[in-house]
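As structure tokens, the structure follows; a few thoughts come after it.
Every number in this text was worked out from the coordinates using simple rules, so none of it is lab data. The structure displayed is predicted, hence computed values, not measured ones. Positions of Cβ are generated from backbone atoms using ideal geometry, with glycine treated the same way; all protein chains shown enter the neighbour counts.
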Ligand SMILES: O=P(O)(O)OC[C@H]1O[C@](O)(CO)[C@@H](O)[C@@H]1O
């Protein structure tokens with residue numbers, strides 16, 4: 001038997017907590033509520049209801065992904081156009097599974113260089129386009145809805161540039177569309193121009209789509225082991241599918257602890273991995289957690305953190321600021337690379353001798369343990385999540401666990417973890433402001449509400465010379 005993942009949760013329940021002591025018994029008492037939420041999630045999946053399709057993603061990989069990935073590997077540059085769930089998962093996988101600075105080493109590896117066009121930023125878009133050789137560049141356009149203004153604007157820019165340089169037919173050959181197969185302009189566009197298409201399954205939402213073609217295609221192109229990624233996720237899915245005691249199921253415990261602290265006004269979660277390769281995991285988790293749970297006045301605010309850096313930026317706040325956060329520290333037990341900190345002969349450096357000959361990984365681990373201990377001493381709740389190594393297999397298991405725990409937390413909070421009505425309204429206001437027809441009511445609303453922004457103003461003026 002090998003360990004897939006460990007969740008240490010005693011320090012999230014312990015009697016050290018300064019306010020609203022939670023106890024192990026309280027956790028056990030939540031078992032009926034958690035089991036109900038779990039049953040609801042599974043029944044939604046069986047009925048293939050909106051939003052639940054991600055549960056089955058580890059069990060099916062579209063065969064076209066490998067073919068398209070092989071073709072994309074012959075390119076020098078790949079530009080993906082997408083935002084939110086159509087971008088963050090890709091960046092998380094690349095960050096975790098590829099060597100640092102891989103983009104600079106490409107294409108000598110051999111693999112293409114990769115660019116993500118997510119924000120609406122002309123300077124960034126032009127910089128990307130100026131760097132690539134259009135004849136050997138592919139566009140991957142990702143939008144589940146095919147309506148997101150940012151993605152559509154970026155797509156229109158790169159598509160036009162591509163057409164201008166290589167001609168329409170060739171541009172279409174160099175463009176792959178990943179979208180909902182049943183609706184949206186991108187699906188129509190792909191048919192009109194004959195572009196290759198991969199589906200975002202209709203019942204998979206953007207933030208849960210990293211194990212679909214959305215995340216898998218670029219990862220496969222860049223050499224990540226997507227089969228192992230799915231296998232790890234499958235192992236976690238199988239584990240969570242079996243009945244367990246409250247104490248034996250990490251998704252149940254994670255969700256229950258989040259809930260216990262949420263009702264005690266600890267409605268923030270600091271997500272803190274400790275290696276640079278997992279910094280994007282914090283970004284991805286922030287969307288997953290924030291967009292899934294922030295509804296109806298409820299929710300828990302995700303705080304993206306990275307150890308050891310945030311020890312020197314945020315830890316003061318975490319230990320002595322408001323007691324309104326749950327902490328999740330993520331540890332990778334064994335890393336391939338290590339550095340033995342060199343001895344230095346300079347007298348001026350003698351006080352650093354405690355570091356000489358020590359492992360750099362050991363230093364970082366000691367810091368992580370010290371941070372956890374300081375938090376515990378300060379009466380703060382700490383979850384410690386641990387994977388044996390950072391590779392595709394364990395990452396797949398971790399991703400699946402985080403998705404599962406998020407969805408369960410949503411059901412316990414009695415909200416729908418699969419929609420995002422608050423974001424949709426913002427999208428509609430943007431359409432209205434950009435003059436899209438059919439959004440006249442929203443245009444009136446945005447005109448009314450935006451007046452509030454300027455109802456009181458300070459202007460700082462300086463004299464012109
Ligand atoms: O893939 P799409 O439909 O372009 O959406 C991008 C993102 O926009 C949202 O709908 C809202 O931010 C996310 O849920 C989604 O991941």
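Scale the Cα Rg of the range 350-465 by the rule-of-thumb value 2.2 N^0.38 Å and send over the ratio, two decimals. Could you put the intermediate results ahead of the total?
Values: Rg = 25.9 Å, N = 116, 2.2 N^0.38 = 13.4 Å.
After normalising by residue count via 2.2 N^0.38 Å, the value is 1.93.
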- Overall dimensions of the range 253-314 by Cα: Rg and Dmax, Å: 12.3, 35
- Label-point gap, in nm, between residue 449 and residue 164 - each point 7 angstrom along Cα→Cβ: 3.6 nm
- Could you give the nm distance between label points at residue 31 and residue 101, where each point is 7 Å from its Cα heading toward the beta carbon? 5.4 nm
- Message: Over the chain, what is the relative contact order in percent, taking alpha-carbon pairs closer than 8 angstrom and at least six residues apart?
- Response: 22 percent
- Task: State the extension gain, in nm to one decimal, for the chain segment bounded by residue 182 and residue 153, taking 0.36 nm per residue of separation less the distance between their alpha-carbons.
- Result: 8.3 nm
- Roughly what angle does helix 226-241 make with the longest principal axis of the chain, taking Cα atoms, 0 to 90 degrees, to the nearest 10? 50 degrees
- Task: From the P(r) of the range 206-275, can you give the percent of Cα pairs sitting at distances over 18 Å?
- Result: 61 percent
- Message: For the range 176-195 and the range 345-380, what is the centre-to-centre distance using only Cα atoms, to the nearest Å?
- Response: 53 Å
- Query: In nm, to one decimal, how far is the modelled label at residue 461 from the one at residue 338, with both set 7 Å along Cα→Cβ?
  - Reply: 6.6 nm
- If one compares the long axis through the Cα atoms of helix 122-131 with the longest principal axis of the Cα atoms of the chain, the angle in degrees, nearest 10, works out at 80 degrees
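Over all directions, how big on average is the projection of the convex hull of the alpha-carbon atoms in the range 208-354, in square nanometres?
Working: hull surface 53.5 nm².
Mean projected area for the range 208-354: 13.4 nm², to one decimal.
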- For the chain, fraction of C-alpha pairs farther apart than 30 Å, in %: 51 percent
- Using the beta-carbon distance between residue 354 and residue 42 and R0 = 56 Å, what value does 1/(1 + (r/R0)^6) give for FRET efficiency, to the nearest 0.05? 0.60
- By average Cβ neighbour count within 10 Å, what is the ranking of 357-364, 137-144 from highest down? 137-144, 357-364
- Between residue 50 and residue 298, what FRET efficiency follows from the Cβ-Cβ distance if R0 is 25 Å, with the result rounded to 0.05? 0.80
- Query: Once the Cα atoms of the range 106-173 are picked out, what are the Rg and Dmax in Å?
  - Reply: 12.3, 36
- Message: Report the Cα-based extents of the range 61-227 along its three principal axes, largest first, to the nearest Å.
- Response: 38, 36, 29
- Rounded to the nearest 500, what is the 222 nm mean residue ellipticity of the chain from helices alone, with -39500 (n - 2.57) per DSSP H run of 4+ residues and division by all residues? -14000 deg cm²/dmol
- In whole angstrom, note down how far apart the Cα centers of the range 200-221 and the range 29-89 are. 5 Å
